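Taking it in order: structure first as structure tokens, then the write-up.
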Protein chains: 2
Amino acid sequence: MSHAPAERAERLAELVAERGLDQLLVGDLVRPGDSGPGAIADSRWLTGFTGTSALAIVGAESRVLLTDFRYTDRAEREVGEPFERVTASARLLPELAARLRGRVGFDAATTSVANLKRLEQAIEEGGSDAELVAVEGLVSSLRRRKDETEQEAIAQAARLADEVYELVLDQGLIGRTEREIARTAAARIRELGAEPSFPTIVAAGENGALPHAEPGEREIRDGDLVVWDMGALLDGYCSDCTRTFAAGEPSEDVREIYQLVQRAQAAGLEAVGPGVDGRDADEVARSIIRDAGYEENFGHGLGHGVGLEIHEPPRMGPRSEDTLIEGDVVSVEPGVYLPGRFGVRIEDLVVITADGHRNLSSLPKELRVVG
Amino acid sequence: MSHAPAERAERLAELVAERGLDQLLVGDLVRPGDSGPGAIADSRWLTGFTGTSALAIVGAESRVLLTDFRYTDRAEREVGEPFERVTASARLLPELAARLRGRVGFDAATTSVANLKRLEQAIEEGGSDAELVAVEGLVSSLRRRKDETEQEAIAQAARLADEVYELVLDQGLIGRTEREIARTAAARIRELGAEPSFPTIVAAGENGALPHAEPGEREIRDGDLVVWDMGALLDGYCSDCTRTFAAGEPSEDVREIYQLVQRAQAAGLEAVGPGVDGRDADEVARSIIRDAGYEENFGHGLGHGVGLEIHEPPRMGPRSEDTLIEGDVVSVEPGVYLPGRFGVRIEDLVVITADGHRNLSSLPKELRVVG
């Protein structure tokens, strides 16, 4: 990936010029403490720097990465041409302000009101003519198009998670608690050299009807459906997958709902491809669930982008305004949730390709009965 | 802790009134994705809600917590009187705007420029007379004074981490890599029912001179000093501790630097208490290091607050403007870092009490030689 920072900075500089800006600030330099996930992902994508507090300046003639003293060494190891590395001293803001020229974009979604105000003051005190301009999502729009290296990192994280499902399932579900399954899965992910990309969800029976239940002391019993949502984080990139398993033989109505979600998920997969609106892909899956009479029981969107962040653009849902492009990596994850009874969600992760999609999830989707 | 939300909301409402505000927004309701750590800690402290996206409204007559559909059930379990729970629908902003009255404070440090703009628009469109006012750190100023339950949670996290140091040290240091030690420690923390409160630092030899080195494949060799910075997260509360161990017999100059830092740390501990300025406590420890000729090698502050966040107010350092109060929980952690050679840091966590401090770290501070 050693060529990536130069290319990415070049593409970003072009976008900056197109927007009528002279420079763009990328990331968020927070001290003490860490930036939010969006700012961290932006600066990492651009420069390769993996620290949690960094700010880059990109423009026609600017390629600068500011970090703080904690990260001097890491920046030296990770960040090279075309970026100039600067370790910000205690006088961070004056140093930053002195480097700004003309119309300078900042990301309104990742910049706090307080940091903006401090930067404005520093610019004024420094006597610079720089003018700060709010923009949103310039870097994250470029981050959508994953290159081959990024696609492979995500695919590898997905394969690792698939392996962990199998390892844990081999020991059975019935008689174990949700929390035991979730902890064992996280431990296996770590043994294989990754981290969980988000807190694993294992939700049995009626808990499966809560889309983001926390694994608890609920014991998995014969006859339960178990919603299990899990991903791995490898080399900075996330995977995301959900399967719903039957602990012991399921009843007929459980099978029916499962097959409904399975049909909706297959239709959603079939629908995604370059040029497809997120709203339309969502509607393809949603209409199947609606026609079966369960529209009210599918309370979230069809899917979301996955990459350096576990949730990133684009979104697919009834109010989505995004259109899929080649290189997007998105989840396809319809669900039906019956309060007090059970839930079913089936989720694959796919890369949008020139002629459709490539599925990164290898686990079967037929209802699997586990003892 | 069932009484805490009512008391805390009451104290906050008084502070809100003192600042000439009618209401205060606490937290940050982000969809999709999670809020920053400061916003999450604020809403958790106030309401007991542990989800990662929530916004509370507090004023003389307002006690409202807004969450999104993912968290309806969790909010029901965790949040009770005096808070009214509202699950925000897709029309979050109009619903929020309709509840705002008069001068409404928002935290400039945890609110993004984009979210502020959206909220301003919603207020205008809703025809409300609410006026948004930037404030900073109202809730985090109250969070400083830890009550007994909070102090005990932090003390318990600290004891757990102390136990993990011993468990891992029992297996020796020499011949193992930094990463092995860090991973084993994290696994032990999890086995004991907690999570690491931040990524464990294990830095051997020359890596110890980098205050925030990432544990890598560097093998610990006979004669290395090993800086090991670790904490546990238990019931939402963090601990933080650093010890520097000798892997095999250290040389005389290593012992000298160690004893220097040990003296500075003891003096720093001696200095902290209610009414003491963070700058003065820092200077007590720093002057000892300065007098020995190593001022340039102590590049960070003496300590920071620890609680729901691993870094929170107050700060103790050369530019600190904070004064310690009873109930503050702070780290006391001077260090000396000799580039290319080694580093020493010794860190305890203490509660500021009416007449001084109570140390939550039980590990000895004499230089310990481990095989």
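How high is the relative contact order of chain B? Use alpha-carbon pairs under 8 Å, at least six apart in sequence, and give a whole percent.
Computed value for chain B: 14 percent relative contact order.
Would you mind telling me which residue in B:Gly51, B:Gly216, B:Gly20 has the biggest mean-square fluctuation in a Gaussian network model of chain B, where springs connect alpha carbons within a distance under 10 angstrom?
Highest fluctuation among the options: B:Gly20.
Considering all projection directions equally, how large on average is the shadow of the alpha-carbon convex hull of region B:182-247, in square nanometres?
Here the figure is 4.3 nm², rounded to one decimal.
Would you mind checking which residues have amide H under 5 Å from A:His304's amide H? H placed 1.01 Å from N; only 5 or more apart, or other chain.
Distant-sequence amide H within range of A:His304: A:Met316, A:Ser331.
Looking only at other chains, what is the average number of their beta-carbon atoms within 10 angstrom of each beta-carbon in B:101-113?
What the average comes to for B:101-113 is 4.
Give me B:Ile288, A:Ile181 ranked fewest to most by other Cβ atoms within 10 Å of their Cβ, as a rough exposure proxy.
B:Ile288, A:Ile181
What is the distance in Å between the Cα centroid of region A:318-371 and that of region A:150-185?
Result: 17 Å between the Cα centres.
Quick one: length gained pulling B:Asn359 to B:Glu191 fully straight, 0.36 nm per residue minus the C-alpha distance?
Length difference between fully extended and current span is 58.0 nm.
Name the most mobile residue of A:Arg290, A:Arg243, A:Arg145, meaning the one with the largest mean-square fluctuation, in a Gaussian network model of chain A with Cα contacts below 10 Å.
Most flexible of the set in this elastic network: A:Arg290.
In whole angstrom, note down how far apart the Cα centers of region B:220-280 and region A:62-78 are.
Using only Cα atoms, the two centres lie 26 Å from each other.
In nm, what does the list of distances from B:Glu18 to its counterparts in the other copies look like, shortest first, when each label sits 7 Å along Cα to Cβ?
5.2
If you take the alpha carbon radius of gyration of region B:148-370 and divide it by 2.2 N^0.38 Å, what ratio comes out, to two decimals?
Against the empirical 2.2 N^0.38 Å value, I get 0.95 for region B:148-370.
Using the scaling law 2.2 N^0.38 Å as the reference, what is the normalised Cα Rg of the protein assembly as shown?
Normalised Rg, Cα atoms only: 0.96.
Sorted from shortest, what are the nm distances separating the label point of B:Glu166 from equivalent points in the other copies, each placed 7 Å from Cα along Cα to C-beta?
Copy-to-copy label distances at B:Glu166, shortest first: 4.2 nm.
Point me to the residue of chain B whose C-beta lies closest to the B-onto-A rotation axis, rounding the distance to whole angstrom.
Residue nearest the B-to-A axis, with distance in whole Å: B:Gly36, 2.
Given the convex hull over the Cα atoms of region B:71-184, what projected area results after averaging over all orientations, in nm²?
Convex hull of Cα atoms, orientation-averaged projection: 11.9 nm².
Run through the other copies and list how far each one's label point is from that of B:Leu192, in nm with one decimal, shortest first; the point sits 7 Å from Cα along Cα-Cβ.
Going from nearest to farthest copy, the values are 2.9 nm.
Given a 10 angstrom Cα cut-off, can you work out which residue in A:Gly293, A:Gly205, A:Gly278 is the most mobile in a GNM of chain A?
Greatest mean-square fluctuation among the candidates belongs to A:Gly293.
B:Lys117: which lysines have alpha carbons under 22 Å from its alpha carbon, excluding same-chain residues fewer than 8 sequence positions away?
Within the straight-line limit of under 22 Å, B:Lys117 reaches these lysines: A:Lys117.
Given points 7 Å out from each Cα along the Cα-Cβ axis, report the B:Glu252 to B:Ser141 separation in nanometres with one decimal.
5.4
So how strong a dipole does the protein assembly as shown carry about its Cα centre when Lys and Arg Cβ are +1 and Asp and Glu Cβ are -1, to the nearest 20 debye?
Once rounded to the nearest 20, the dipole reads 20 debye.
Which value, in nm² and rounded to one decimal, describes the direction-averaged projected area of the C-alpha convex hull of region A:4-143?
Quarter of the Cα hull surface area: 7.2 nm².
Can you give the mean number of other chain Cβ atoms that lie within 10 Å of the Cβ atoms in peptide B:207-217?
Counting other chains' Cβ atoms within 10 Å and averaging over B:207-217 gives 3.
At a temperature of 20 °C and a viscosity of 1.002 mPa s, determine how fast region B:163-210 diffuses translationally according to Stokes-Einstein, using the Kirkwood radius over alpha-carbon pairs as Rh; express D in µm²/s, rounded to the nearest whole number.
My calculation gives 189 µm²/s for D.
Whole-Hz ³J(HN,Hα) for each residue in region A:265-278, computed from phi via Karplus 6.51 cos²θ - 1.76 cosθ + 1.60 with θ = phi - 60°, x for glycine and proline: what do you get?
5, 4, 5, x, 4, 4, 7, 6, x, x, x, 7, 6, x
Per the Kirkwood formula on distinct C-alpha pairs, the Rh of region B:135-184 is how many angstrom?
Taking every pair of different Cα atoms in region B:135-184, averaging 1/r and inverting gives 13.8 Å.
Give me the net charge for the shell around A:Asp240: Cβ to Cβ below 10 angstrom, other residues only, Lys and Arg +1, Asp and Glu -1.
Neighbour charge sum, excluding A:Asp240 itself: -4.
Suppose R0 equals 60 Å; then what is the FRET efficiency for A:Glu296 and A:Arg77 from their Cβ-Cβ distance, rounded to the nearest 0.05?
0.70
Using a basic spin-label model with each label point 7 Å from the Cα along Cα→Cβ, how many nm lie between B:Ser287 and A:Thr177?
Distance between the two pseudo-spin positions: 5.3 nm.
Looking at region B:168-286, I'd like the Rg to Rh ratio, where Rg is from alpha-carbon atoms and Rh is Kirkwood's inverse mean 1/r.
That ratio is 1.02, to two decimals.
What are the ³J(HN,Hα) couplings of region A:230-240, residue after residue, when phi is run through the Karplus curve with 6.51, -1.76, 1.60 and θ = phi - 60°? Round to Hz, x for glycine and proline.
Calculated HN-Hα couplings, in order: 8, x, 10, 10, 9, 6, x, 9, 9, 10, 8 Hz.
Distance in nm between label sites at B:Glu124 and B:Ala6, each 7 Å beyond Cα in the beta-carbon direction?
For B:Glu124 paired with B:Ala6, the spin-label model returns 4.2 nm.
Roughly speaking, what % of Cα-Cα pairs in region A:268-334 are separated by over 21 Å, rounded to a whole number?
For region A:268-334, the share of Cα pairs beyond 21 Å comes to 18 percent.
Consider a paramagnetic label point 7 Å from the Cα of A:Arg221 along Cα→Cβ; state which residues of region A:230-255 have an amide N under 15 Å from it.
Answer for region A:230-255: A:247-251.
Averaged across the residues of A:70-76, what count of C-beta atoms belonging to other chains lies within 10 Å of each residue's C-beta?
4
Read-outs throughout are calculated quantities, based only on the coordinates presented, and are distinct from any laboratory measurement. All of these numbers come straight from a predicted model, not from anything done at the bench. Glycine also receives a Cβ, built like all others from the backbone with ideal geometry; neighbour counts cover every protein chain displayed.
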